Each structure stands twice: as structure tokens, then as C-alpha cells.
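Reading through the C-alpha cells given below for one structure.
The values are calculated or read from the model by the stated rules, or taken from the named source; none is laboratory data. Note that this is a predicted model, so its numbers are computed, not measured. Cβ placement follows ideal geometry from the backbone for every residue including glycine, while neighbour counts extend to all protein chains displayed.
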There are 2 protein chains.
Amino acid sequence: MDHAADPSHPRYRSLLMRHRLEVAAKKGMLADSAMIAHGRGEAYDYLLGETTIPSADVAAQVALKALMQAEHPVLSVNGNVVALAGDEMLKLADKIGCPLEVNIFYRTPERMDALLTDLNERKEQLGLDVDILGANPDAVIPGLKGPRAKCEAKGILQADAILVPLEDGDRCEALVAMGKTVIVIDLNPLSRSSQRGSITIVDELSRCLENMLKMETEALTSLDSYDHMQTLQDALNAIVGGMQNKFSEAKE
Amino acid sequence: MDHAADPSHPRYRSLLMRHRLEVAAKKGMLADSAMIAHGRGEAYDYLLGETTIPSADVAAQVALKALMQAEHPVLSVNGNVVALAGDEMLKLADKIGCPLEVNIFYRTPERMDALLTDLNERKEQLGLDVDILGANPDAVIPGLKGPRAKCEAKGILQADAILVPLEDGDRCEALVAMGKTVIVIDLNPLSRSSQRGSITIVDELSRCLENMLKMETEALTSLDSYDHMQTLQDALNAIVGGMQNKFSEAKE
């Protein structure tokens, strides 16, 4: 782990996340494209200054409130999400009192087994009482084809609010089309998931979840004060802010 | 390969590059961090519009001219460079009439063997007469420690101009400190290599090399007309241009 063991190192979180992915890869939890997808996220986080920007904090509050007020909230997790923040997702499910469903794009029995085993071990270690769904898909998400459409009737199918971190654009759109409140966590404000989601939090996954886990649930900002397009534009502005006149200024 | 087999597909190059990395990974050519590094590059290329911007074209002309006019030009290649554009690097070495040196950050005998074998096979297939160095490191780059400092006396050590695509920041700085003209190809205009290089081309590697291979060597822009800081700022501006008022406009 080297640097990842020292929380005071400026790249601690970044190195820790890479370490978590390496461990997950060895357990067969990840898709082939997992590392490349993570690298893309790293680039956007670097541009954001590796910090939770104010609009992302507001979006996270709005998202948590929407999940707590929903009748059937569900947290959807894929390989990278379990690898990067499996514990935090379980703790969030426990805080909200809702199930967590393993739902992966490149679905194979081996990957599903690896993810469900890992989550159940984590749940045991954390001593939490959370329903972990995904093992018995008995429903499909309309508009999607093949194994990637599979879900559970008592989980994603009936959910009125769903958290989908690091989600594929097609699936995000299909869930929105079902009329659900779809909450996206994505570092790229220009991604299709970010744009099509109902509420989008442009933040690094583990940082966002730690933030949500600390929030007082009585004092959360509600959905009326959430402006989707402005939230995405704020994230772009945060990126742009660091780039304008960066080198021209140095010349003068 | 799926989509990567169809050059008319909008994501053809991106998918082709991923395919090349997968092949190289199976051959043991890549470092553990290769896929994450590639993902970061993908993010920046997406923000640049996956195109060669005018300032990158000028920088590429200046770079080619500097290499052709150097007394001892050398092209340095690492794992990702061989994987993504091994053929193009060999063709460029042939065009310039200079050696190519395998020089990797995480140096192991196994990786060096895999890379040298792959390059020699490519050279055979292309029917080119290019010196491939790296197998017999008999010198060190001052200021670097351990295996990552190793190089060849007749290659990198004596080079007056050196092309280092996708290079680590420490190594780039060490080469600059030796007084060499260091030419960087990097998609992140904010990286330490981009900033510290003598000439930086902010472009996707294979696209940049294909562009350089097509250039008429008589009509190249020379170093006097190259403004390093402005070149980096132009790349940032290209990224920023697509972000400002993107979502605010949509509201109006």
C-alpha cells in the first residue's frame, strides 16, 4: 500500500481507492473496463481539486432527503462501487433503512457471486442489518436488453427513488423513463448519466458517501431548492475556474 | 473487438486503443497502473473533443523539426507507448533516422523482455531498419534513483533531443535538467511533464504520431515560433470552451 497507509499523504484517498480496486480485481469483482473508467474519474476529480464543491454538498443533502422520504428507496451497486465504497454504501443503506441491490452491466454468475460474497462479508464485519438483493433477479428494467436488464421485483423494479453511483448512461435513462427519482454520483458533469439523472452529485464516491453519512437528517435541503442544470454548470465552472489564464498569467 | 473493427464508428480510435492495451496486458508489457493512466488520458481527450487542436499541430511540427535537426535524437518508449502506438513510433524513428529506446518506470526483466520482443516483431513486420535500444543499460539518468534511472549511453544519455510520450513527471524533469530538448506528448496540459517539457504536444498519442508521419519535412514550423505557455493555455482554452455556459444556455 505504501503511501495509502498514511492518511496525511496528499494523495492518500487517491492511492487508497487504487488499492481497493486492485484488491477487488483479484477477487473477480470488476469488469474489464473498470480500471479505465476509474482513471477517467481520477482526471475529473483532479480538475475539481479533489474536493467536495458546495453545489455537490447541496445535491448530496437533497439526494439524502429524497431517499429518506421515498416509499421504496433502493441503493444500486456495481463492481466499482462495491470495490471503492462497499462499506459506505452498506452504512448508507442502514442509515436510510433501505435495501441495497447488486446490479451490474456486464452480468456473469461469477461476478455476481464475488460481489454478493464480498458485501455479505462486509455486512457481517460491520454488524449491520441490511437487505442485500441481486441474487434472485425476477424482473427486468423495460427498455434494456439482455442480462443488463435483470433486477429484483422487490428492489429496483418497485423503487420510487434509487441511488445509482457510477452508472452507465443507458441504464440511467431507462430508470428515469420508469418515472423513478434517479440519483447519480458521477465525477464527469458532462456524462449522459449526470445529465439525465433527476439529482446529480458531482463528487468522488467515497468522499460523497462519507459526507452523506455525517449529515444530520433533520436539517437537509429539500428538492425545491435543487436546480439540476445549475448544479452541473457549477461543477463545470469549478473545473473551468482553475484553467482560465493559468499559463497566460504566468507570462505577465 | 466489436466496434473497433469498424473505422466509421465514432468511437473507433478510442475502442481500438483499448483493444491494443488489452492485447499488451496479456503479453505482460504493462505496469499495474497502465489502465488507470489510460483512463485519465481518455477523459482529457474527451474534453478536447477527440481532435488535434491547431496549437498541438504547430507543436508537433516544431517537435519534428527539432528532432530532425538534432545531432543525437532519440525516441523513448514505455509500456503504454508500445501498446498504443508501437508501429507508429518505429515509423517515426525511421523517418527521423534515429534509435528508439525502451525506458520504463517500473523496470523488471520480464517487462523489458516483453517490450523488446514486441518491438522487434513489429520492426520485422514493417521491414524497417531501426535501432532498438534498452536491453543493455550501461548509464544512469542523474537525479533519479533505482531501476527507473537506467538508460543506454549511446541512446538516452547522449541524446540532445528526446521524445518522451506519456512520461512520468520526475523523469521528464531529470531529462530537462540534463540540458536536453525534451518533447512531451501528453493529453493533460496541467501535468508536470506537460509543464516542464521543452516542447509539449497536447494530443492523443496515435493521432499525434499519424499526423507527424504525414508531415512534409521541408515545410515545418521552427522552434522560434513556439510559445510553450501559450501552447498549454491554448489546450486549456479548448477544454474550457466546451464547458462555459453549457447548461446555463440550455435554460434560457
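Below, the figures for the structure above:
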read-out	value
Candidate set from region A:231-245 (those that are within 7 Å of chain B (Cβ to nearest Cβ) and either of a type in the set (Lys, Arg) or not in a loop (DSSP other than H, G, I, E, B) (or both)); member that is surrounded by the fewest Cβ atoms within 10 Å (Cβ to Cβ)	A:240
Residues of region A:195-212 classified as surrounded by 24 or more Cβ atoms within 10 Å (Cβ to Cβ) and of a type in the set (Ser, Thr, Tyr), total	1
Selection within region B:6-22 - over 19 Å from the mean Cα position of the chain (by Cα) and not charged (D, E, K, R)	B:7, B:8, B:9, B:10, B:12
Filter result for residue A:206 (closer than 27 Å to residue A:107 by Cβ and within 14 Å of another protein chain (Cβ to nearest Cβ))	no
Boolean, residue A:175 is free of Cβ contacts under 8 Å to residues at least 60 places away in the same chain, in a helix (DSSP H, G or I), crowded, with 20+ Cβ neighbours inside 10 Å and out of contact with any Phe, Trp or Tyr (no Cβ under 8 Å at 6 or more places or on another chain)	yes
Matching residues in region B:180-214 - criterion: being of a type in the set (D, E, K, R) and outside any helix (DSSP H, G or I)	B:180, B:186, B:203, B:204
Residue check for residue A:155: within 14 Å of chain B (Cβ to nearest Cβ) and touching a residue at least 24 places away in the same chain (Cβ under 8 Å)	no
Scan of region B:218-236 for residues that are out of contact with any helix residue (DSSP H, G or I) (no Cβ under 6 Å at 6 or more places or on another chain) and among the polar types (S, T, N, Q), ordered by number	B:225, B:230
Selection count where residues are closer than 9 Å to residue B:56 by Cβ, over 9 Å from the mean Cα position of the chain (by Cα) and either at pLDDT below 95 or of a type in the set (A, V, I, L, M, F, W, C) (or both), scope region B:197-211	1
Failed item in (1) of a type outside the set (A, V, I, L, M, F, W, C); (2) closer than 30 Å to residue A:228 by Cβ; (3) in contact (Cβ under 8 Å) with a residue 24 or more places away in the chain, with residue B:195 passing the rest	(2)
Failed criterion for residue B:221 (all others in (1) in a loop (DSSP other than H, G, I, E, B); (2) farther than 14 Å from residue B:47 by Cβ; (3) at the interface with chain A (Cβ under 8 Å from one of its Cβ atoms) hold)	(3)
Test: residue B:34 is in contact with a helix residue (DSSP H, G or I) (Cβ under 6 Å, 6 or more places away or on another chain), within 14 Å of chain A (Cβ to nearest Cβ), in contact (Cβ under 8 Å) with a residue 12 or more places away in the chain and surrounded by 20 or more Cβ atoms within 10 Å (Cβ to Cβ)	yes
Those residues of region B:116-145 which are farther than 21 Å from residue B:180 by Cβ and not in a loop (DSSP other than H, G, I, E, B), in sequence order	B:116, B:117, B:118, B:119, B:120, B:121, B:122, B:123, B:124, B:125, B:126
Verdict on residue A:31 being in contact with a Gly (Cβ under 7 Å, 6 or more places away or on another chain), within 16 Å of residue B:39 (Cβ to Cβ) and at pLDDT below 95	yes
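Condition check ((1) in contact with a helix residue (DSSP H, G or I) (Cβ under 9 Å, 6 or more places away or on another chain); (2) more than 28 Å from residue B:15 (Cβ to Cβ)) across all residues:
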position: B:51; (1), (2): yes, no
position: B:56; (1), (2): yes, no
position: B:71; (1), (2): no, yes
position: B:78; (1), (2): yes, no
position: B:84; (1), (2): yes, no
position: B:89; (1), (2): yes, no
position: B:93; (1), (2): no, no
position: B:99; (1), (2): yes, yes
position: B:104; (1), (2): yes, no
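Results for (1) surrounded by fewer than 17 Cβ atoms within 10 Å (Cβ to Cβ); (2) away from chain A (no Cβ under 14 Å); (3) assigned to a helix (DSSP H, G or I); (4) on the phi > 0 side of the Ramachandran plot, shown as yes or no for each residue.
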{"residue": "B:9", "(1), (2), (3), (4)": "yes, yes, no, no"}
{"residue": "B:19", "(1), (2), (3), (4)": "yes, no, yes, no"}
{"residue": "B:23", "(1), (2), (3), (4)": "yes, no, yes, no"}
{"residue": "B:30", "(1), (2), (3), (4)": "no, no, no, no"}
{"residue": "B:40", "(1), (2), (3), (4)": "no, no, yes, no"}
{"residue": "B:52", "(1), (2), (3), (4)": "no, yes, no, no"}
{"residue": "B:59", "(1), (2), (3), (4)": "no, no, yes, no"}
{"residue": "B:86", "(1), (2), (3), (4)": "no, yes, yes, no"}
